[in-house]
Amino acid sequence: MPAGAGLGHHAATGRSGCCSAAAGRLHQNPDRPGIADGSNVVGAGRIQVVTGLQREYRSSNGAQSRTLFLPTLLRMGLSENFEFRIESNTCTRTTETDSTQGTARAEGIAPVSVGLEYHFIDADGRQQPSVGVIARVFPRYGTRDFQTTRATGDFRLVADWDFLPEWSLNPNVGVALYESSDRRLLYAAGLFAATLNFNPSKSLSFFIDTGTPVF
């Protein structure tokens, strides 16, 4: 995963300030657009949908890659501590340019994951972060160049630490099972991601994040 920075103006339903039917303690806490996922759940009987348009650029050894996709996450509260999650990059388009190979393009539907999140530690000011775990399974799915031939998945420990009134740190660590690019084998990797957020209001945040597999 690349490092990045940006501005998030949340438009999620279920927990957002403009659309929420929840009251009191709930505040806007979608798991996009930063790389790292949050430790809080949406709450019993609530639904949140977070989607957007994302474009990524990568460059390595004279080759350039551009990816355009529509990341979408559906969260459904099963209880005050559990939520069910469906997540995908959905419609995806890549363009790869190489000085020797020319330009190659691919379009398709990305794999979809199903998972659960369990929130088990509540935040207590600066002294104690909020903590949860997220488990996801990616069944064999996808179209064209984005199709997978084996089921994969990951398991992460996630946290939110509000170390200053408008600042929070959101680390994720875990393990994953991936399919190789040639689709011949599965391999395991460690995971790390972190997002640093500045939240001047409940509906606006600035963030910088980083993340990478650890082989």
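Things worth noting here:
- Across segment 80-105, the number of residues qualifying as more than 16 Å from the chain's Cα centre (by Cα), part of a loop (DSSP other than H, G, I, E, B) and closer than 15 Å to Thr67 by Cβ comes to 0.
- Residue match in segment 83-93 (condition: of a type in the set (S, T, N, Q), touching a residue at least 12 places away in the same chain (Cβ under 8 Å) and over 26 Å from Phe146 (Cα atoms)): no
- Of the residues Glu107, Glu117, the single one that is touching a Phe, Trp or Tyr at 6+ places or on another chain (Cβ under 8 Å) and either touching a residue at least 40 places away in the same chain (Cβ under 8 Å) or surrounded by fewer than 16 Cβ atoms within 10 Å (Cβ to Cβ) (or both) is Glu117.
- Take the conditions (1) outside any strand (DSSP E or B); (2) under 27 Å from Tyr57 (Cβ atoms); (3) of a type outside the set (Gly, Ala, Ser); Arg150 misses just one of them, which is (2).
- Exactly one residue out of Glu80, Glu87, Glu117 is acidic (Asp, Glu) and over 20 Å from Thr195 (Cα atoms): that is Glu80.
- Looking across segment 176-199, the residues that are farther than 17 Å from Gly125 by Cβ, surrounded by 14 or more Cβ atoms within 10 Å (Cβ to Cβ) and more than 13 Å from the chain's Cα centre (by Cα) come down to Ala176, Leu177, Tyr178, Glu179, Ala189, Leu196, Phe198.
FYI, it's all coordinate maths here, none of it is from the lab. This structure is a prediction, so every number in the text was calculated from the model and none was measured. Glycine also receives a Cβ, built like all others from the backbone with ideal geometry; neighbour counts cover every protein chain displayed.
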